[in-house]
Amino acid sequence: MPPLIISTITEFRRQYRNLGPGDLVLGRLALRGGEEIKLFDLAERGVKFFPSALAQLLSRSKAAQAEVLGEFMVPGGFVAYTLPDLADRVTEFQARNLGQVVTKRDRANLGLGVSLWPSLEALYSLAGLQNLPYPVVVQPFVAQARDLRVVILGDYAEAYERVNPHSFRKNLFQGGESRPADLAPEALNFCRRVMARGKFPYAVLDLLMSRDGEVYLSEVNLQGGLRGAQLTQEEFRRRVAALEEDFRRPWESS
């Protein structure tokens, strides 16, 4: 029996229980909340994914990214799932004089879930009075960092910088502006290592570049706004489709 090749979310849901070793799920899936377990289940059953199941799971969750890709992010960051998780870190942050912290709400996009706090103590004090939308990613704030968005699809790579002199929020949706930026070989290599760890065949990455020249991952996704890029959304989709077609061919000929 030839392997099944699933390329739509409707097919995926209809064939879910029939999929097994050698079958292929092609393309990013528009899963509903709670359906993520299906990716893990099918990966355990030997089904192949493009993009990988891990990349698709990471793209859906900032908390998952912080857990799996934390080695590439600002040192000292962590994921808080409960109030005690915040309490456990307050003394450490005070002892290290880390000062301001940024929080990122899980699954929030366009910069809408990002907040800046004067200290972890301030965040913890508020969390003790009202429930935070856990899980929440907490990271030390990197002052005056450059914000670069990098787009990588196969051999294609480009970068542009997002700037906002009036706010720490650089997102274009939040009032930032964009300008072309050179992508140094070291930064490109950093992006490739992030992608290899998360099994991303292509990616849109947001990087922070400190005044000391350190490069940190802010987040990574399988899609993203390209308003400041030379690449159009149409060309992005065309290149993604070409990568999917290259991955599909061995299954069609088997």
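The values are calculated or read from the model by the stated rules, or taken from the named source; none is laboratory data. Owing to the predicted nature of the structure, the values given are computational and were not obtained by experimental measurement. Positions of Cβ are backbone-derived with ideal geometry, glycine not excepted, and every protein chain shown enters the neighbour counts.
Every residue in segment 91-107 that is assigned to a helix (DSSP H, G or I) and under 26 Å from the mean Cα position of the chain (by Cα), please. Write out each step before concluding.
To start, the set of residues in segment 91-107 that are assigned to a helix (DSSP H, G or I) comprises 91-95.
Within segment 91-107, just Phe93 meets the criteria.
Under the condition of being of a type in the set (S, T, N, Q) and in the same structural domain as Glu186 (by TED's automatic domain parsing), which residue from segment 207-254 is nearest to the chain's Cα centre (by Cα)? Only one residue tops the list, namely Asn221. Quick one: count up the residues across segment 108-137 that are assigned to a strand (DSSP E or B) and either touching a Leu at 6+ places or on another chain (Cβ under 7 Å) or among the basic types (Lys, Arg) (or both). The total comes to 1. Being free of Cβ contacts under 8 Å to residues at least 60 places away in the same chain and out of contact with any Pro (no Cβ under 8 Å at 6 or more places or on another chain) is a property that Gln139 lacks.
Kindly indicate whether Val137 is over 20 Å from Glu214 (Cβ atoms) and surrounded by 12 or more Cβ atoms within 10 Å (Cβ to Cβ). When the stated conditions are applied, Val137 does not pass them. Taken over segment 179-194, the criterion of being closer than 14 Å to Tyr156 by Cα, in a helix (DSSP H, G or I) and touching a residue at least 12 places away in the same chain (Cβ under 8 Å) is satisfied by Leu188, Cys191, Arg192.
Out of all the residues in segment 209-218, which are modelled with pLDDT of 95 or more and either outside any strand (DSSP E or B) or surrounded by fewer than 20 Cβ atoms within 10 Å (Cβ to Cβ) (or both)? Answer for segment 209-218, where residues must be modelled with pLDDT of 95 or more and either outside any strand (DSSP E or B) or surrounded by fewer than 20 Cβ atoms within 10 Å (Cβ to Cβ) (or both): Val215, Tyr216. Taken over segment 48-63, residues that are assigned to a helix (DSSP H, G or I) and closer than 28 Å to Glu245 by Cβ amount to 7.
Evaluation of Phe236 against the conditions (1) crowded, with 16+ Cβ neighbours inside 10 Å; (2) touching a helix residue (DSSP H, G or I) at 6+ places or on another chain (Cβ under 9 Å); (3) under 19 Å from Ala30 (Cβ atoms) shows that the sole unmet condition is (2).
Of everything listed in (1) part of a strand (DSSP E or B); (2) over 25 Å from the mean Cα position of the chain (by Cα); (3) of a type outside the set (Ser, Thr, Tyr), the single unmet condition for Val79 is (2).
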